[in-house]
1. Check whether at least one residue in the range 210-221 is in a loop (DSSP other than H, G, I, E, B) and at pLDDT 95 or above, and report yes or no.
2. Is it the case that VAL187 is surrounded by fewer than 24 Cβ atoms within 10 Å (Cβ to Cβ) and in contact with a Ser or Thr (Cβ under 9 Å, 6 or more places away or on another chain)?
3. Could you please let me know if LYS274 is free of Cβ contacts under 8 Å to residues at least 40 places away in the same chain, assigned by TED's automatic domain parsing to the domain that holds VAL311 and more than 17 Å from VAL312 (Cα to Cα)?
4. When you check ASP144 against the structure, is it more than 16 Å from the chain's Cα centre (by Cα), within 22 Å of MET215 (Cβ to Cβ) and in the same structural domain as VAL311 (by TED's automatic domain parsing), yes or no?
5. For the subset of the range 245-254 comprising residues that are among the hydrophobic types (A, V, I, L, M, F, W, C) and in a strand (DSSP E or B), which member is surrounded by the most Cβ atoms within 10 Å (Cβ to Cβ)?
6. I'd like to check something: does the range 151-162 contain any residue that is outside any helix (DSSP H, G or I), farther than 24 Å from ALA34 by Cα and more than 16 Å from the ligand (Cβ to nearest atom)?
7. Within the range 145-161, can you find the residues that are surrounded by fewer than 20 Cβ atoms within 10 Å (Cβ to Cβ), within 25 Å of ALA320 (Cα to Cα) and aliphatic (A, V, I, L, M)?
8. Report, ordered by the first and then the second residue, all pairs with beta carbons closer than 6 Å, sequence separation of six or more or different chains, a first member in the range 150-174 that is of a type in the set (Lys, Arg), and a second member that is not in a helix (DSSP H, G or I).
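The values are calculated or read from the model by the stated rules, or taken from the named source; none is laboratory data. Quantities reported herein were computed from a predicted structural model and do not represent experimental measurements. Cβ placement follows ideal geometry from the backbone for every residue including glycine, while neighbour counts extend to all protein chains displayed.
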Amino acid sequence: MGFRVAVVGATGNVGREVLNILAERDFPASEIIAIASRKSIGQTAMYGDKELKVVALDTFDPKGVDIALFAAGSGVAKEYAPKFGKAGCVVIDNSSHYRMDPDVPLVVPEVNPDALKDFAKKNIIANPNCSTAQMLVALKPLHDAATIKRVVVSTYQSVSGSGNAAMDELFTQTRAIFVNDPIVKEVYTKQIAFNVIPHIDVFMDDGYTKEEWKMVAETHKMLDPNIKLTATAVRVPVFVGHSEAINIEFEKPLSEKDARKILREAPGCLVIDKREDGGYITPIECVGDFATYISRIREDKTVDHGLNIWVVSDNLRKGAALNAVQIAESLLNQGLLKVS
Ligand code: 2RA
């Protein structure tokens, strides 16, 4: 007994992590179907120790599939998610396409699991942007304790957020510098090796990038529309793992001691916070992990009730694949989905 589960975009960074996590967490699946574009036909994808042959999306019949985890971008989601939904399949989509749709729940299970009750409106559930997901896992328990008034966040986002080609670009640029070869720039306009780029996604008219806008809009949809949030999203020469420096202003008093206790006990959070050399998390230490790590917890005495924290998580996992699988698990745990 178990669910027929499809992974759409099974050969991409996130799709491969979805398959890994479905196996690692022993998700109750009777069958796992690895789906990708026609150009990936002939490729295989690993599900635990099983090698799955990839099937083509454009000829796949979703009838009888219970859950489809989409990790194939907005264009594919726009065209195929409704087809899967109408065939009775529950779609959990990683792209940005449906996130602000009022009939589509946008969910981080540790933050707003109740939003899942509305999934049947379109049979589509949206996964948030990776930088929003890890931030809200940390902010939610603090908001419940002392009501967040304002957030200022700077992100340090790894190149895996841009996909495989970006990871290759960081590698080849780094190697080129050591052997004095010319630098090739295809994914990013500026060199990413030994550099940082304050630009993720497209620029909007107000000077912010869409990545920064996503953090505001998704926080308002999932946590509280009254929170004033401003973001600066930066690409850094790290392969996997997003880091965030978050400054928080509360309505009510919250000591760093109480904040640390709350975060230690919060779902999905792991506090590593010692005021000594190495007493904090760094992105390369979070890779492959499920946790959202929090370090550098300290009061911000420049405002009445302020706090600074450092938040790090594997952007391919909590930022995408893990959150999507946790949404499927939450549907089961809430009795919203039963094995057919
Ligand atoms: C990035 N958050 O890091 C975006 C999309 N994954 O590029």
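1. no
2. Considered against the rule, which asks whether it is surrounded by fewer than 24 Cβ atoms within 10 Å (Cβ to Cβ) and in contact with a Ser or Thr (Cβ under 9 Å, 6 or more places away or on another chain), VAL187 comes out as yes.
3. Details: free of Cβ contacts under 8 Å to residues at least 40 places away in the same chain: yes; assigned by TED's automatic domain parsing to the domain that holds VAL311: yes; more than 17 Å from VAL312 (Cα to Cα): no.
No.
4. On the way: more than 16 Å from the chain's Cα centre (by Cα): yes; within 22 Å of MET215 (Cβ to Cβ): yes; in the same structural domain as VAL311 (by TED's automatic domain parsing): yes.
Judged against the criteria, ASP144 is a match.
5. Let us first name the residues in the range 245-254 that are among the hydrophobic types (A, V, I, L, M, F, W, C), namely 245-246, 248, 250, 254.
Restricting the remaining residues to those that are in a strand (DSSP E or B) gives 245-246, 248, 250.
Working: ALA245: 15, ILE246: 23, ILE248: 26, PHE250: 20.
Per the stated criteria, the residue is ILE248.
6. So the first thing to find is which residues in the range 151-162 are outside any helix (DSSP H, G or I), and the list is 151-158.
The next check asks that each one be farther than 24 Å from ALA34 by Cα; those that pass are 151-158.
Going one step further and asking which of them are more than 16 Å from the ligand (Cβ to nearest atom), we end up with 151-152.
Yes, because at least one residue in the range 151-162 is outside any helix (DSSP H, G or I), farther than 24 Å from ALA34 by Cα and more than 16 Å from the ligand (Cβ to nearest atom).
7. Within the range 145-161, VAL152 is the sole residue that qualifies.
8. ARG150/LYS228; ARG150/GLU249
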